[in-house]
Amino acid sequence: MKLPNNISDFKLLRRENYLYVDKTKYIEKLENLGRYLFFIRPRRFGKSLFLSTLANYYDLDQVDDFENLFGDLYIGKNSTTFKNSNFILALDFSGLDTSNPEELKNSFNDRVLGSLITFFNYYQNYFPKKEEIIEELKNTSMTRRMDILFNEVAITNYKIYVIIDEYDHFANDLVAVGDGEYYRNVIRASGFVRDFYEIIKIGTKRVIDRIFISGIAPLMLDDMTSGFNITSNITMIPQTNELLGFTEEEIDSILQSIPWIDNIKELMPELKAYYNGYIFNINAKKRIYNPNMIFYFLQQCEYLGTYPEVLVDENIKTDYARLNRLTMNENNCETLDEIIKNNGIVSNIVSKFSFDQMYNQQYFVSLLFYLGLLTIEKKIRTRLYLKIPNQVIKIIFWEYFERKLQEKFHLKLDLEELHQSIETIAFDGEIKPYIDYISQNVLQVLSNRDLIQFDEKYLKVILLTYLGLSNIYKISSEKEVDKGYIDIFLEKDIRFPDVKYEWIWELKYLKKSETNQLERVKKEGLTQLDQYAKSRHFKDKENLKKALIIFIGKDEYEIIFP
């Protein structure tokens with residue numbers, strides 16, 4: 001059975017014996033949730049594959065292939081009365097030309113036209129005048145094109161299931177560019193996007209039976225509400241928490257189905273640390289793994305014959321590059337710094353928002369949640385505590401923070417020296433070369449103004465950021481143990497079994513004016529280290545080392561080994 005990394009064609013996947021995690025029970029559930037549905041998940045979370053599954057299930061031209069595609073799946077054994085009952089109009093708004101408003105309008109209209117032509121070609125047996133219809137479609141307006149579709153379908157006595165993928169892709173590009181006027185002209189008032197969705201709404205009174213819209217953020221919902229107010233947003237309800245992504249049980253089933261994997265017990269904790277963590281409703285029972293990340297990891301294992309050194313798929317990192325544009329705003333930049341320093345933030349999640357609200361903290365944090373950069377951890381009174389989901393997303397944040405430091409302070413780092421200093425930590429049990437390197441090349445470059453708000457958390461983020469540039473360790477910040485939270489825990493990674501030493505670091509920071517507190521801080525830090533080391537988490541650890549690192553200002557430090 002082949003691994004389906006980056007395959008979103010359900011029919012191809014089923015016909016060519018790719019591994020498939022059965023999510024078809026949700027087809028039945030969706031029918032009970034409504035006819036016009038809106039559902040979003042982070043990028044590369046399996047949305048396109050699920051939409052392809054819906055299309056094949058409801059397509060009236062797939063009757064003869066139903067048993068082959070669905071026979072052994074949940075919905076094949078528990079089919080609904082609506083199977084194979086609709087025409088499918090599939091639209092995908094990714095990859096549109098957003099270079100200027102006119103090009104976007106042309107690109108959008110061409111995409112719709114292409115989908116309509118595909119529709120009539122695919123269902124040509126139902127439309128004997130197909131050639132005339134297509135010719136007319138090519139030479140008329142958007143509104144008229146949709147009228148032609150509705151009129152022709154009405155004659156057949158069948159109805160349409162409209163499936164829209166990446167509905168917000170071009171809108172997210174406009175946000176990344178930061179052109180608010182451009183966005184408003186396209187989406188709002190007399191904008192062609194709004195016009196399109198108003199036509200779709202009108203179609204529900206005639207021939208559109210069902211709608212399923214998917215994307216990565218509820219970015220346009222607020223702007224389209226009056227013109228398109230018919231969808232039910234099922235993004236954050238408990239019933240759809242596991243619709244996409246994999247539960248731990250599903251991961252275990254995947255691993256057991258792959259013959260060359262014989263170390264499931266060893267592998268599961270690693271996958272959990274690096275790729276797990278998502279829930280989309282505070283009452284959801286199970287956390288979800290990003291499927292793209294899982295298949296990337298497994299495919300790399302298959303290619304290399306061992307664990308991959310690079311844990312982050314470049315496609316994932318590219319998707320979050322737009323974060324840099326959003327954080328050019330000072331408020332957003334400060335919010336992101338707070339998230340990185342604290343591993344999360346307390347906030348509510350808003351269900352829809354617009355371009356103009358991107359620089360309000362609650363809306364910006366909500367966007368990070370929808371992008372998959374934050375997830376729900378717990379409820380604190382009336383609000384949610386949102387945390388960074390897993391190690392891979394932490395690496396993305398650390399890389400962002402490192403680029404920010406480089407740009408702000410014009411850092412020119414000798415990366416070879418940096419990597420050697422981290423290897424010294426891992427193989428020789430010495431941390432002074434690394435602390436020395438950070439002190440001289442990063443901390444001492446900070447201006448006195450930056451030091452005004454400098455604290456232990458900021459120091460910790462800097463140390464974590466540069467440790468993260470090397471993938472030797474599985475790095476934890478604020479790791480919970482019996483007696484508290486460890487500032488930095490450097491844990492062995494199964495990819496590097498030769499690493500000798502693991503570390504517990506306790507960090508302290510004093511301003512130059514606070515040196516009279518040094519002895520008290522030393523005593524406090526050593527007590528904490530002793531308590532952490534006695535935790536049951538470290539009972540079977542060999543070569544576990546402890547260090548108290550105290551910085552005084554930006555150019556003095558002391559390392560104490562208990």
In the stretch 450-461, is there at least one residue being part of a helix (DSSP H, G or I) and more than 30 Å from Asn276 (Cα to Cα)? yes
Quick check on Asn56: is it more than 26 Å from the chain's Cα centre (by Cα), modelled with pLDDT under 95 and either within 17 Å of Glu242 (Cα to Cα) or open to solvent by 10 Å² or more (accessible area, probe 1.4 Å) (or both)? no
Does Gly95 satisfy the criteria of being out of contact with any strand residue (DSSP E or B) (no Cβ under 9 Å at 6 or more places or on another chain) and more than 30 Å from Met220 (Cα to Cα)? no
Using the structure shown, decide if Asp65 is surrounded by fewer than 18 Cβ atoms within 10 Å (Cβ to Cβ) and either more than 26 Å from Asn241 (Cα to Cα) or in contact with a strand residue (DSSP E or B) (Cβ under 7 Å, 6 or more places away or on another chain) (or both). yes
Is it the case that Asp223 is at pLDDT 90 or above and not polar (S, T, N, Q)? no
Can you tell me which residue in the stretch 148-162 is nearest to the chain's Cα centre (by Cα), limited to those that are among the β-branched types (Val, Ile, Thr) and open to solvent by 10 Å² or more (accessible area, probe 1.4 Å)? Thr156
So which residues in the stretch 353-372 are more than 15 Å from Val175 (Cα to Cα) and in contact with a Pro (Cβ under 8 Å, 6 or more places away or on another chain), if there are any at all? Gly372
Looking for something open to solvent by less than 20 Å² (accessible area, probe 1.4 Å) and within 25 Å of Asn100 (Cβ to Cβ) - is there at least one such residue anywhere in the stretch 122-135? no
Looking at Arg381, is it at positive phi and open to solvent by 30 Å² or more (accessible area, probe 1.4 Å)? yes
So how many residues does the stretch 399-421 have that are more than 29 Å from the chain's Cα centre (by Cα) and either over 25 Å from Lys492 (Cα atoms) or not small (Gly, Ala, Ser) (or both)? 10
Within the stretch 434-480, residues in contact (Cβ under 8 Å) with a residue 60 or more places away in the chain, within 20 Å of Tyr532 (Cα to Cα) and open to solvent by 50 Å² or more (accessible area, probe 1.4 Å) come out as Lys457, Glu478
Please enumerate the residues belonging to the stretch 349-372 that are of a type in the set (S, T, N, Q), surrounded by fewer than 19 Cβ atoms within 10 Å (Cβ to Cβ) and farther than 23 Å from Asn290 by Cα. Gln357, Asn360, Gln361, Gln362
Being among the basic types (Lys, Arg) and open to solvent by 20 Å² or more (accessible area, probe 1.4 Å) is the filter; apply it to the stretch 1-42 and report the residue that is farthest from the chain's Cα centre (by Cα). Arg15
Going by what's in this entry, would Glu430 be described as over 24 Å from Leu244 (Cβ atoms), among the acidic types (Asp, Glu) and assigned to a helix (DSSP H, G or I)? no
So which helices (runs of 4 or more DSSP H) are wholly in the stretch 1-117 and hold at least 2 residues that are under 30 Å from Asn185 (Cβ atoms), out of contact with any helix residue (DSSP H, G or I) (no Cβ under 6 Å at 6 or more places or on another chain) and touching a residue at least 12 places away in the same chain (Cβ under 8 Å)? 47-58
Please tell me if Tyr275 is under 27 Å from Ser366 (Cβ atoms), surrounded by 14 or more Cβ atoms within 10 Å (Cβ to Cβ) and in contact (Cβ under 8 Å) with a residue 12 or more places away in the chain. yes
Criterion first (under 25 Å from Asp97 (Cβ atoms) and outside any helix (DSSP H, G or I)) does Ile163 satisfy it? yes
Hey, any hits in the stretch 482-499 for a residue that's under 27 Å from Phe538 (Cβ atoms), among the aliphatic types (A, V, I, L, M), surrounded by fewer than 20 Cβ atoms within 10 Å (Cβ to Cβ) and in contact with a His (Cβ under 8 Å, 6 or more places away or on another chain)? no
Return the only residue of Asn324, Asn292 being in contact (Cβ under 8 Å) with a residue 60 or more places away in the chain, open to solvent by 60 Å² or more (accessible area, probe 1.4 Å) and not hydrophobic (A, V, I, L, M, F, W, C). Asn324
Could you list, in sequence order, the residues of the stretch 500-520 that are surrounded by 13 or more Cβ atoms within 10 Å (Cβ to Cβ), closer than 24 Å to Gln531 by Cβ and basic (Lys, Arg)? Lys508
Residue pairs meeting the criteria (Cβ under 7 Å; at least 6 apart or on separate chains; first under 19 Å from Leu104 (Cα atoms), in the stretch 189-209; second open to solvent by less than 40 Å² (accessible area, probe 1.4 Å) and not in a helix (DSSP H, G or I)): Arg194/Gly227; Tyr197/Gly227; Tyr197/Phe228; Glu198/Gly227; Glu198/Phe228
How do the pairs read when you match residues in the stretch 481-501 that are under 19 Å from Tyr434 (Cβ atoms) with residues anywhere that are open to solvent by 80 Å² or more (accessible area, probe 1.4 Å) and at pLDDT 95 or above, using Cβ under 6 Å and keeping only pairs 6 or more apart or on different chains? Lys500/Phe427
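The values are calculated or read from the model by the stated rules, or taken from the named source; none is laboratory data. Nothing here was measured: the structure is a model prediction, and the numbers come from that model. Here Cβ is always computed from backbone atoms with ideal geometry, including for glycine, and neighbour counts include all displayed protein chains. What goes into the accessible areas is simple: the full protein's heavy atoms, side chains included, and nothing from ligands, DNA or RNA. Shrake-Rupley method; radii C 1.70, N 1.55, O 1.52, S 1.80 Å.
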